[in-house]
Amino acid sequence: LEAIPQFDAMATASLKHFVDLLNEVKDPGQVADLVGCTLLRKPGERQIILETVEVEPRLRMVIRFLKEEIHRAGF
């Protein structure tokens, strides 16, 4: 599969923008929501994150779901 330079540039810019935005967020709950809604592919997982009220369990679920996503991707 051949790389498309314009796509790579857009993806890099989007990732940089996301990281810059994430660096500005001070509330751990908002970090969990932003990371979950941006990086998780499965709608059910995103919904679970948004429905979890307490911050620590919400962050733990984001981490768990991200690990599962990484595993599914074969990394």
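Nothing in this text is a laboratory measurement; each read-out follows from the coordinates by a stated rule. Since we're looking at a predicted model, the values are computed, not measured. We place every Cβ from the backbone using ideal geometry, glycine too, and count neighbours over all the protein chains shown.
The table for this structure:
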item: Given [x] 5.9; [y] 10.1; [z] 5.1, the label whose value is mean projected area of the Cα convex hull in nm² derived from this model; result: [x]
item: Rounded tilt (10° steps) of 28-39 against the dominant C-alpha axis of the chain; result: 40 degrees
item: Dipole magnitude of the chain, debye to nearest 20 (Cβ charges: Lys/Arg +1, Asp/Glu -1, about Cα centre); result: 200 debye
item: Rg to Rh quotient for region 1-45, alpha carbon positions, Kirkwood Rh; result: 1.10
